Structure formats: structure tokens, C-alpha cells
Amino acid sequence: MPQENLAKAYMPLEVEPRWRARWEDGRVFSPELPAQGEPYSIVIPPPNITGNLHIGHAFNLTLQDVLCRHARQQGKTVLWVPGEDHAGIATQNVVERRLAAEKKSRHDLGREAFVQRVWRWKEEYGENIRRQIKAMGASVDWTRERFTMDEGLSRAVRRVFARLYKEGLIYKGDYIINWCPRCHTALADDEVEFTPRRGKIWHIRYPVDGENGFVIIATTRPETMLGDSAVAVHPEDERYRRLVGKKARLPLMDRLIPIIADSYVDREFGTGALKITPSHDPNDWKLGFKHKLDFIQVIDENGRMTAAAAAFAGLPKAEARERVLAELETLGLLEQSLDYEHNVGQCYRCQEVIEPHVSTQWFVAARTLAYKARAAVPDKTRIHPESWLKTYYNWLDNIRDWCISRQIWWGHRIPAWTCEDCGKLLVEEEAPAVCSHCGGRRLLQDEDVLDTWFSSALWPFSTLGWPGETPELRAFYPTSVLVTGFDILFFWVARMMMLGLHFMDEVPFREVYIHALVRDAEGKKMSKTLGNVIDPLEMITRYGTDSLRFTLTAFAAMGRDIKLSEERIEGYRHFMNKIWNAARFALMNLPEEGPVPALGQATAQGTHHQWILHRLEEMKTSTAAALREYRFNDAAQDLYKFVWNELCDWYLELIKPDMQAGGETRAQAQGVLLTALRETLILLHPIIPFVTAEIWTALPAFAGEKPPDPDLAKILYPPARPACLHPEAASRMRLIQAIIVAARTIRAELNLSPSLPLKAIIRPENQTKEKILEEHRALIARLARLESLSLDAAAQPPRLSASQVAEGNEIIVLLEGAVDTGAERARLDKELGKLEKERQMLEKKLSDRNYVEKAPAALVERDRQRVKELAAAGKKLRLVRNKFSE
RNA sequence: GGGCGGUUAGCUCAGUGGUAGAGCGCCGGCCUUACAAGCCGGUGGCCGCAGGUUCAAGUCCUGCACCGCCCACCA
């Protein structure tokens, strides 16, 4: 859709919808198999279906999209798989909250109806997520979208479960797990959040059997003492040594429990004596086995005291605590109670206090699987930035078996059946019709579902069609890179490594790029309750998708946090407009259809053309290198500077006279301009696809060229043009720029109106520079807004003139009109001060014999040269200044 | 308790041993026919503190202070 005119300002809301529609419906991003080019693949970290995408997703999507679009430019066959995660507990909780508003519970509906209800919810919110991924411009392949609970992935889950079970890597057993009494389910260790809470710690006297004395223990949870089966002290603790081997009489229960010694006990903490409750504390659980203690469960899964709690049976645990304390007080066994702040485990989904609870659960033998996952890094999978290596190793080295069963309804139901006739446990990929042991038909499926992360752990191969042997799996596994935040390095990345290696015998991704988390302007985590969320859709509406994407890309380097504020996005919107207007300028100066003379492999004549082409070559190399090394910020910021400070501020200004000149001069400028603009758009496109694609369609073709594809997303990266590398042109350009800036500075600092015509003389430093400056005399005059400019090595500055030295050349601006001589004298003094300061610094350095002898010779020579320059410049300026003092 | 970051301009942050950078802000001047979402010029830093290595340290090493994150969960 080439258009005659671009609007005066860039209007993203008018441009973006067209490209969105084209990119999501045209199957532009659906690779054909078998792959023509080198395969490149990414699987999306699937967003939860629980709500809206937040700015963190926008960031994550942007980086992946930059990589995918860039890979396509390199001619690779790119697959980016989109999808969503069913997010078991989180989603169930959301739907349950909705039901609660209708004064219903999931139990009112029953399992089947409830799950149906969640599916409906998923359909609604899944669409919401899709819309937002599309809004970001993400170049995913929608024909290959997956959901963690779709049929194919569910089959993969069952296959993995059944195989791991048969290999002995999944087992069922009693264990003390984290129990959420509200969600009524087990939680994995990393699903528990610890937050400091003010509470109390009580010192309680346990009478020593057969003596008058006591052993005093300290506890924050007195109600659990009803289930105590020992008291432990440190084996080298002199205070208690004589008590080890004796028994204590457990108050309230009148039970004799052994006093044991174990180096686990911290002598410094509390009283140095520890009550052991194997059924209600994870550490005591271990000691319980080690010392063959009794396991007495006194709190049930609803948080009530069991029959084992004798007189306290049936009480809620909080009430039991009160009663226990009251009775101890009465008995005179409560030594003291102290205020105490300690960490309390809470459910990461509902914030309920976690109860350590013994129950029968399913586990993955993670310790066995961790070995390969550890060994594969960094040789088979590289982690960027490398600083995360240690964290990754540390976690795998200390991994514990992974509790994967959850007592909720929304999720993959565990493929295990118990035969009611013979009691045998059957684990199968597909539901068995009869018991393989006794032929019985009464089979009862396990009620539990799997931890959400179990299916997520298979994502890199399950989304590609495993267990089928699909062309996708063949072409795209292992995936090229995983892009994710560090917050799920353990939840997700390490587990994908473990299961990917086990089932595919190959790592799930060649590289992992771990990016920062986006926080608000104060560095706080964005959360709905704090009300500090920045909604990506809102930003897109306000500033355009490209502005948001560019902002996020430019900030990608930051260590662990990005503090994002709306002003930054607004700031980068100006950049989009700048690009837009540069294009408008180009279109005004390019013929609508050819012939724009093609540049071909050659460079152009003229310093400014050679310079911009040289810089363009450098940008092509550096941008590709930056993206290859995941230096997103370098790519974005270098492009920003190039486009704004070089292409727009200088080059477009420099060719204005060429365009007016017409003829061959104009034609050549057109050729270079179109080349530079086209290739710059290609470099920018992975970061800001919309504005670049829109401009692309408006550009004319070169003479004799078959017009390029109108969709910039299909255009390849520009090949290097070695003939255009031209460092000498770049250095000539620096000289010209320095002279122009010097003239402008004089004008500005003397408060001379830009419209005031001025005359100037340049005293060139040497003949080489004289020649360059002479060649570009008209150009310099134009950009410095000089009425006339001459070169004269022997010129004597008249009394009323202002002067500045640039790269050794003195530019003298004649001040015939009324000029404030005081202001000029002040300006010169300031200038001289600067020169003098630098000269002194260098001379001090050069007078240091160590420096002269040990530093690289080139460096010393450079400094000496600079001192000479400074001295010459100072001399010239002083001459002028003295005239002003007369 | 273990580990990892951070501390650089008013703000947010880059910075690869060799004269300290960007964006935004601020000051002054401009509607100079691509862009006022703009142009030109300028101001602004004991690079957290103290040692050390080096001819040379914001950059490497040691210690300290403060801020933050992750892991562990000590009754």
C-alpha cells in the first residue's frame, strides 16, 4: 500500500492494526517444513490463563520477538510456539472465588461440573491472552498454538508419568509435606513463601523422670507438644550431658519421652533443648527416623486436633494453643513467654499459613534426574548472563525430591488406578479396562492432579508434538534459546532440563537468556494490590507498541530490575516520530517511482556520503553482534544514537544542498539516502516492527530493481558492502563537524541571532586540512549559517572578531555589527581555561617518567601531540583575547 | 545462616584499565520549508567509604557501610 504522503506525525493507532491483521492471519510466521534454512526455535514461556498480561510479559515477549525477527532476517527457518498454561492452583482459586460470589463452593458443583466451569473460564481468558500477545506484535506461529491441558500435551504428561513410574523415578510415599489448609492441597517446597511475623516463643518445663529437675524447651508452637516423642540436646552441651539417655515426662499427656543427643541442635538458640515432634515439623521428621521415634499426628488436614491429642481432640489448633498454654500456666510449667519475630511459611497462592503435614503423596526422584541437568551446563546449554550459573548449580546440588501431587481438581489427573478387588496399584498411560493383576473391573483412579510445573517441564518437546515423531520435533528440538525471568529459574528452567534430557536424551534449549524483572518507578514489584501496575495495553494505546518495545529493549541490560515509568515510554515515542519524519523528508526528496540510481557494491563520491555509508556498515556489524550476544540494550541504544545524532542531525542536513542542486549531485544523494534509509529500517525492524514496516511500503524502488517484498518482516538482513568501509571519510567528517560546531558555539554564546548573517575566515592548521575544508566550504557555510566563508592560513583576525579552534584550525567570525565585547572576552577566558586545564593534566602525566617509559608508546605519543595542539590553540585564542582587552 | 546484585550528573541508568557517558530534567537562543514529539548551544560528577595491585583504577583485589534480591527455615 504505497502512499503519496505520510501523515505529519506518526500515528501508531492508525498504522498498527493493519500490520497486526496481516501478521496474524497471513501465516507469515508459520515456517514450512522441511526447513529450508537453519532452524531457529523458541517456545514461549506460557502465560497463566488467570488474568491479563502484565508488563513483565510484554518485556519477555519483546525480547523473544526481537530474536525471532532477527533470526528470520538471517535467513533462518524460525518457529516461535505460542501457548498458555493452565496454572492449576491459581486458576482453581480464581474460579472458586467467583463461585463464592454466588455463595457456592466447588463441592456444591461436584468435580465434573467444576472442571467444566474452569474450562469455560479458560476459553474466555485464553482469548484475552491471545489478544494481548498479538497486540505486542509477537511473530508467533498461531497455527501451532498449544495449551498445557490440550489433548496432545495431556498425553505427553501421562506418558512421562507412566514411564518415570516404571523406571522407579516416580514413587508414592508418606512424607511430611507443606499443606495448605485453605487450598486443601500439598505444595512443593518452592510454593511456600516465608514472611516474617511477630509472634511469641514460649519456654516450657518438661519434668525429668525420676528427678525433681526440669529440662526447659523453647517452642513457637506449643500445641504441637502433644505430639512430642523426644527432647533433643546437643551432644557436647555440658548443661545437658548428664540428662542424655534419661526420660522426660511430657506435660499434659503424661507420656515418657527420651532425651536424645543430636548435633542438629543449636546450643545457642533458645534454651538449647529442643522438643521433637516428628509428625509436625520437617526437621523433626528427619530426626524421628534417625532416632526411631514415634510419629504422633495431633493436627489433621483441616487444622483440628486429632484423637491423639487426647483431651484437646477436636479443637481448632489456635484454640488448642490457648488451652495448652493455660494449663501449663496452671501447672507452673510455663517458664516464660517472649516476643519473637520469625519466618512463617505461607501458601504462595492464598497466603494461608502452611502446616507441615504427613500424608501420602507422589514424588519425582529429582536427585537422580538432577545429575544430568547439572552436567549439561554450560557445555550443552549456555546460560546468559553467566552470573546465574552458580545459582543454577546451587539449586540442583541441594535439590530434594519433588512432590508432584496436588489435592485439587483443575489439572492433569494422575494416571494411577487402584484395583478395588486386589488392591494393586496400576499406573498406565491410558485408562486400563481391567486390572492386569486380577482381571477385576472395579478400578478407582487416583483423585489427585499433578503439579502445574510437571506439564510445564515437558513444554519444549510436548509442544512440538512428542510423543509423536513429528517433523516439528525433528526440525526444532532442541530449541535455540529460552528467554525467561530469573524468578522461575528453579520452578521451570531446571525442571525442563531434567525432563528434556531424560526423555529426549538432549537438552531442551541450547541457550538460556535470563532477563530482569520489571518493577515500578520506585523499584517495587508491580502488583494489583499495590495499584502500581503498568498495563501494556494501556501503554500501547497511549504511545504505540513500538515505543513500548523500544523502551523495554533499551533497558534490557539492567541487572535484575528494570524500574519502568511511563515517562520513559513517552520519551521513546519521540524517537518513533523522529524516524517517521526522517522518512517523510526522504520521500519528499525521492522520486515516487524509480529511477533512484542504485548504489550497488560501490561507495559514493563525497565525504558526507562516504561517511554515512561507512557508519551504516559499522552499524550492520555491531547490531548483529549485539543481538547475537543478547546485548539488547546496546543494539537499541546504538541504533538510537545512529539514527538521531548521525543520520538525522547531520546527514539529512548535509544532503539538503545536494537535493536543491539537482542533476547528478541530486541523483547520487538520492541513491545514498534510499540505501541508508532502507538498511536502517531493516536494522530497526526486529525492535520496532510496526513503524518500520509502514515506512517500508512507502519507499520507492531503485532503478531497474525488482521491487522488494512489501512486507518488511520478510526482508533479509542487508549483506555487508565492504567497499563502503571508509575510515578516512569518517575522519574528514569529524573535522567538518568540529568546524561547524565551533561556529555555532560562537554564535550561541555571544547571543547572536541565528538569522543574523555572519562572515567567517578559517585559518587551517595544514595543507591537508585546508584541502578538505576548501572542498566543503559551501557545506560548512550552509550548516553554520554563514553568509560567507573563506580560507586563509595567514589571516590576521581583525579587532572585532570571535574565534574558536577546532581540530587545530582556527575559525574567526567577523563581528562587524554591535557586539558585546565583554561577553566575547568572557567566552574566550572560559575557553582558554578549559584548554589550560587539559594541558596541565596531560603535562603532569607526561612529566611522570614511569608513565612515559611503561605506557604504550602510541598512547604517550598521542598525549604529546595533544599537548602541542592545545598549546597552539591557546596561543591563537590569547591573541584574539588580547585584542578584545585593548 | 548461605549465595547474588547494586551504590556513577537533579532523576533513571550505560560504561570493554588509558582525558567520565546517554536519556529525561535544568539554563539560554530559535517556528532555520522532515520533525516544537523539533533544532542549536550550554550547565551539571571527591564514579558509596578505606586500603591494595598498576606508569595508570569508575573498571582488578581486600575489607567496610548502606540498599535490594534469591536460597535455607533455627525450635
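The values are calculated or read from the model by the stated rules, or taken from the named source; none is laboratory data. Predicted model, so just to flag it, every value in this text is computed and none were measured. Cβ coordinates were reconstructed from backbone atoms using ideal geometry, including for glycine residues, and neighbour counts include every protein chain displayed. What goes into the accessible areas is simple: the full protein's heavy atoms, side chains included, and nothing from ligands, DNA or RNA. Shrake-Rupley method; radii C 1.70, N 1.55, O 1.52, S 1.80 Å.
Things to note:
- Complete set of residues in segment A:843-864 that are more than 7 Å from RNA strand B (Cβ to nearest atom), open to solvent by less than 100 Å² (accessible area, probe 1.4 Å) and not hydroxyl-bearing (Ser, Thr, Tyr): A:Glu843, A:Lys845, A:Leu846, A:Val852, A:Ala857, A:Ala858, A:Val860, A:Glu861, A:Asp863
- Of the residues making up segment A:294-349, those that are of a type in the set (Lys, Arg) and closer than 19 Å to A:Ser279 by Cα are A:Arg304, A:Lys317, A:Arg321.
- Selected residue (criterion: nearest to RNA strand B (Cβ to nearest atom)) from residues of segment A:261-281 that are open to solvent by 20 Å² or more (accessible area, probe 1.4 Å) and touching a Pro at 6+ places or on another chain (Cβ under 8 Å): A:Asp281
- The lone exception for A:Ala586 - which of (1) open to solvent by 10 Å² or more (accessible area, probe 1.4 Å); (2) in contact (Cβ under 8 Å) with a residue 12 or more places away in the chain it fails: (1)
- In segment A:1-58, of all residues being more than 22 Å from A:Met576 (Cβ to Cβ) and assigned to a helix (DSSP H, G or I), the one that is modelled with the lowest pLDDT corresponds to A:Asp25.
- Consider segment A:729-738 and keep the residues that are in contact with a helix residue (DSSP H, G or I) (Cβ under 8 Å, 6 or more places away or on another chain) and either among the charged types (D, E, K, R) or within 20 Å of A:Cys648 (Cβ to Cβ) (or both). The one that is farthest from RNA strand B (Cβ to nearest atom) is A:Ala729.
- Failed criterion for A:Lys172 (all others in (1) part of a helix (DSSP H, G or I); (2) open to solvent by 70 Å² or more (accessible area, probe 1.4 Å); (3) closer than 30 Å to A:Ile299 by Cβ hold): (1)
- So A:Pro415, is it closer than 30 Å to A:Tyr513 by Cβ and touching a residue at least 60 places away in the same chain (Cβ under 8 Å): no
- Considering residues of segment A:589-599 that are part of a loop (DSSP other than H, G, I, E, B) and either farther than 24 Å from A:Lys641 by Cβ or among the charged types (D, E, K, R) (or both) only, the residue most open to solvent (accessible area, probe 1.4 Å): A:Glu593
- Answer from A:Ala802, A:Ala793, A:Ala778 - the residue that is of a type in the set (A, V, I, L, M) and within 14 Å of RNA strand B (Cβ to nearest atom): A:Ala802
- Residues in segment A:81-129 that are assigned to a loop (DSSP other than H, G, I, E, B) and touching a Phe, Trp or Tyr at 6+ places or on another chain (Cβ under 8 Å): A:Pro82, A:His86.
- Residues that are in a helix (DSSP H, G or I), away from RNA strand B (no atom under 11 Å from the Cβ) and under 35 Å from the mean Cα position of the chain (by Cα) occur at least once in segment A:636-647.
- Restricting attention to segment A:708-764, the residues being within 30 Å of A:Trp19 (Cα to Cα) and either touching a Leu at 6+ places or on another chain (Cβ under 9 Å) or crowded, with 19+ Cβ neighbours inside 10 Å (or both) number 6.
- Search result, residues across segment A:531-583 that are of a type in the set (Asp, Glu), closer than 26 Å to A:Thr484 by Cβ and open to solvent by 20 Å² or more (accessible area, probe 1.4 Å): A:Asp535, A:Glu538, A:Asp561, A:Glu566
- Condition check for A:Arg242 on (1) open to solvent by less than 50 Å² (accessible area, probe 1.4 Å); (2) assigned to a helix (DSSP H, G or I): one failure, at (1).
- Those residues of segment A:26-43 which are more than 14 Å from A:Tyr477 (Cα to Cα) and either surrounded by fewer than 21 Cβ atoms within 10 Å (Cβ to Cβ) or free of Cβ contacts under 8 Å to residues at least 12 places away in the same chain (or both), in sequence order: A:Gly26, A:Arg27, A:Val28, A:Ser30, A:Glu32, A:Gln36, A:Gly37
- Total residues in segment A:868-882 satisfying the condition of being out of contact with any Gly (no Cβ under 8 Å at 6 or more places or on another chain) and crowded, with 16+ Cβ neighbours inside 10 Å: the figure is 6.
- Here segment A:805-820 is the region considered, the condition is being over 23 Å from A:Arg866 (Cα atoms) and buried (at least 17 other Cβ atoms within 10 Å of the Cβ), and the residue that is farthest from RNA strand B (Cβ to nearest atom) is A:Leu814.
Yes/no matrix, rows are residues, columns are (1) within 16 Å of RNA strand B (Cβ to nearest atom); (2) over 30 Å from A:Ile216 (Cβ atoms); (3) of a type in the set (Lys, Arg); (4) modelled with pLDDT under 85:
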residue	(1), (2), (3), (4)
A:Gln336	yes, no, no, no
A:Glu341	yes, no, no, yes
A:Glu352	no, yes, no, yes
A:Val364	yes, yes, no, no
A:His384	yes, yes, no, yes
A:Lys390	yes, yes, yes, yes
A:Gly411	no, yes, no, no
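- Taking first residues from segment A:282-305 that are farther than 18 Å from A:Ala186 by Cβ and open to solvent by 60 Å² or more (accessible area, probe 1.4 Å) and partners that are β-branched (Val, Ile, Thr) and in a loop (DSSP other than H, G, I, E, B), no Cβ contact under 6 Å between residues at least 6 apart in sequence or on separate chains turns up.
- A:Glu319 satisfies every condition listed in (1) within 29 Å of A:Arg182 (Cα to Cα); (2) in contact (Cβ under 8 Å) with a residue 60 or more places away in the chain; (3) in contact with a strand residue (DSSP E or B) (Cβ under 9 Å, 6 or more places away or on another chain) except (2).
- Just one of the listed residues (A:Arg382, A:Arg367, A:Arg441, A:Arg400) is over 30 Å from the mean Cα position of the chain (by Cα), basic (Lys, Arg) and farther than 30 Å from A:Arg120 by Cα, namely A:Arg441.
- For segment A:419-427, the criterion of being of a type in the set (A, V, I, L, M, F, W, C) and within 16 Å of RNA strand B (Cβ to nearest atom) is met by no residue.
- In segment A:65-85 there is at least one residue that is among the charged types (D, E, K, R) and closer than 30 Å to A:Met588 by Cβ.
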